[in-house]
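Structure first, commentary second.
The values are calculated or read from the model by the stated rules, or taken from the named source; none is laboratory data. Because the structure is a prediction, the values reported are computed rather than measured. FYI the Cβ positions are ideal-geometry reconstructions off the backbone, even for glycines, and counts take in every protein chain you see. Just the protein is used for accessible areas: all its heavy atoms, side chains included, with ligands, DNA and RNA removed. Shrake-Rupley method; radii C 1.70, N 1.55, O 1.52, S 1.80 Å.
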Amino acid sequence: MRHRGLAVSAIFICVCILTLPAYAKPTQQAADTGAKCVDCHTKVTPNTVADWQLSKHHEVGVSCDTCHGSDHMTAADAAKAKIPTPDTCGQCHDTQVAQFSKGKHAMAWAAMEAMPTIHWQPMQMTEGMKGCGSCHKIGLKSPEQLAALQKQERFGTASCDSCHTRHTFSVKEAKSPQACETCHMGFDHPQWEMYSSSKHGVRNEMKQLGINPPQSAAPTCQTCHMQEGNHEVMTAWGFLAVRLPLPDDPQWKADQVTILQALGVLDPDGKPTARLDVVKAANVARLDQASWQAQRDKMLKTCNQCHSGNFASQQLQYGDEMIKNADHLMAQAIRTVAGLYKDGILPKPKNYAYAFPDLLTFHDAPTVVEQKLFVMFLEHRMRTFQGTYHASPDYALWYGWSEMQRDLTEINELAVQMRHDSRAASTEVRPTAISAPKK
């Protein structure tokens, strides 16, 4: 998650710019109210006004009260200023809001809230937007969640401004790959580092610097993940690289089942749990072949703008195969830790539903071997397959696959040591008290 985030990490773009429909043209009264806002805030928050004056909103006559209402008119009643939500943006940008609402970014807040130990984190990390909430705030909130945020601080209720940042709300800014960097980097999903070091990212940087001409091909994050400006931002494999139906390959199928058990989606007997409903609600995985294929076809169409169809298909197939290989290492590690639970070597934490490792407890996992397992999954497995898809060889190998190999070796060695220590403790002969000799 995030820190910088789980994920259920995601990229971006929301809603707020283009042009204003004719029916929304401001009245003279609204113009007068907006003028008063500008007059005061030029003195109080001058850079906010400067950004707004650069915006398309300013150009077409969208003034402060359009988004913030007109109840706040003095310093004494600042709390009456409305904080916008996606519904506010949707008054003009209904198409983009509708697309966004169907996509994975819209589920970001729900995904954060669904993590089993999220309530253990400092509030500043979640609702305070200093950790997980900083990126997951892009997600839509229920009326109850919005009310709670409004009550305690009033901020973090918007979503569109995660990418179209206040108060320019620039389309050009949101189309730049740098707009994605804040969230899609770091521990669990370093897509920015992968992309910017790939040939795609290098060519885009050269284009931005003027080294390559403006007409040169240089795909951005948005080129591949927001085809034709669509705000859904979906991928075939989703954030966790799990899907239904399960693979036909027997070994890969068994490995994916093991991973789903460690995600708490299946119980130790392979039966669905209540978490499957959470996965469905958060839309973090494709749950049928048709929805997976639809996303794969969209990506192939994008790749085909620069590459031949057979080359693009081969490269994406390599990514699928890397998931398969990474899953085999991951499943071996999970089974090793699950065996420690089964044999009573490792006690089941009280907050675990099953005597089985729970990868979604992240850094709150209670033992070193369970911590190592979570890092193997969320950091190194992610980098293995994401690095492959993002054409970043160093991330795919050294930061991903190589680290997974090392993780598995360490987990196996820790398990052997724990079993040895357990046997030694159970067979240890404790010395008995010896009576002093009689005189």
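Of 271/324; 348/372; 104/253; 175/207; 137/207; 141/271, which sit over 20 Å apart, Cα to Cα? Violating the 20 Å Cα-Cα cut-off are 271/324; 104/253; 137/207; 141/271.
In the chain, carbon and sulfur make up what percent of the accessible area (probe 1.4 Å)?
That fraction is 57 percent.
Of the residues 231, 281, 212, the one whose Cα sits farthest towards the positive end of the charge dipole of segment 202-337 is 212 (charges of +1 on Lys and Arg Cβ, -1 on Asp and Glu Cβ, taken about the Cα centre). The overall shape of segment 310-386 is prolate: from the C-alpha gyration tensor, with semi-axes ordered a ≥ b ≥ c, the ratio a/c is 1.5 or greater and a/b exceeds b/c. The H on the amide N of residue 286, modeled in the peptide plane, is under 5 Å from the matching H of 244, each at least 5 residues off or on a different chain. Evaluated at q = 0.09, 0.15 Å⁻¹, a Debye calculation over the C-alpha positions of segment 23-166 (equal weights, vacuum) places log10 I(q)/I(0) at -0.32, -0.85.
Of all aspartates and glutamates in the structure, the ones whose alpha carbon falls short of 19 Å from that of residue 301, not counting any fewer than 8 places away in one chain, are 228, 232, 320. Shown here for segment 141-185: GluC sites (Glu not before Pro) in loop regions (DSSP other than H, G, I, E, B) with at most 14 other Cβ atoms within 10 Å, namely 153. Site pair residue 119 and residue 332 shows an inter-label distance of 3.9 nm when each label is modelled 7 Å from Cα along Cα→Cβ.
Roughly what % of Cα-Cα distances in segment 318-362 sit above 17 Å, to the whole percent? Within segment 318-362, distances greater than 17 Å cover 43 percent of Cα pairs.
Here the chain is treated with +1 on each Lys and Arg Cβ and -1 on each Asp and Glu Cβ, and its dipole about the Cα centre works out to around 600 debye. Rounded to the nearest 10 square angstrom, residue 329 shows an accessible area of 10 square angstrom against a 1.4 Å probe.
Global dimensions of segment 37-82 from alpha-carbon coordinates: Rg and Dmax equal 10.6, 30 Å.
Net length available on complete extension from residue 50 to residue 35 is 4.0 nm, with 0.36 nm assigned per residue and the Cα-Cα distance removed. Loop-located trypsin sites (Lys or Arg not before Pro) across segment 326-386 with a Cβ neighbour count of 16 or fewer within 10 Å are 350, with loop assigned by DSSP.
How much net charge surrounds residue 387 when only the other residues with a Cβ under 10 Å from the Cβ of residue 387 are counted, with Lys and Arg +1 and Asp and Glu -1?
-1
Where does the chain land at 222 nm, in deg cm²/dmol rounded to the nearest 500, when only DSSP H runs of n ≥ 4 count, each adding -39500 (n - 2.57), divided by all residues? Computed mean residue ellipticity for the chain: -14500 deg cm²/dmol. Panel note: the C-alpha atoms of segment 328-439, placed on their principal axes, show extents of 85, 29, 21 Å (largest first).
Once all protein chains are placed together, residue 403 keeps about 50 Å² accessible to a 1.4 angstrom probe. Above 28 Å lies some portion of the pair distances; for the chain, what is it as a whole percent of all C-alpha pairs? I get 56 percent for the Cα pairs in the chain exceeding 28 Å.
Residues 385, 169 ordered from highest to lowest accessible area at a 1.4 Å probe: 169, 385. With 32 Å as the limit on Cα-Cα distance, the pairs of 82/298; 151/280; 199/280 that go past it are 82/298; 199/280. With the Cα gyration tensor of segment 121-250 giving a ≥ b ≥ c as the square roots of its eigenvalues, does the rule (a/c under 1.5 for rounded; else a/b larger than b/c for prolate; else oblate) give rounded, prolate or oblate? Judged from the Cα gyration tensor, segment 121-250 comes out oblate (a/c at least 1.5, b/c at or above a/b). Taking the square roots of 5 times each eigenvalue of the Cα gyration tensor of segment 268-330, largest first, gives ellipsoid semi-axes of 29, 17, 8 Å. For segment 76-122, the convex hull spanned by the alpha carbon atoms encloses 98 Å³ per residue. If a/c stays under 1.5 just call it rounded; otherwise compare a/b with b/c (prolate if a/b is bigger, oblate if not). Do that for segment 156-203, with a ≥ b ≥ c from the square roots of the Cα gyration tensor eigenvalues. Verdict is oblate for segment 156-203. Here, segment 236-294 is characterised by an Rg to Rh ratio of 0.94, where Rg is the alpha-carbon radius of gyration and Rh the Kirkwood radius. Residues 40, 160, 303 ordered from highest to lowest accessible area at a 1.4 Å probe: 40, 303, 160.
In order along segment 216-222, the phi-based Karplus estimate (6.51 cos²θ - 1.76 cosθ + 1.60, θ = phi - 60°) of 3J(HN,Hα) comes to 5, 6, 7, x, 9, 4, 5 Hz; Gly and Pro are listed as x. Scaling the Cα radius of gyration of segment 215-328 by the globular reference 2.2 N^0.38 Å produces a ratio of 1.19. Looking at the chain, the accessible area is 51 square angstrom per residue; that uses a 1.4 Å probe and ignores ligands, DNA and RNA.
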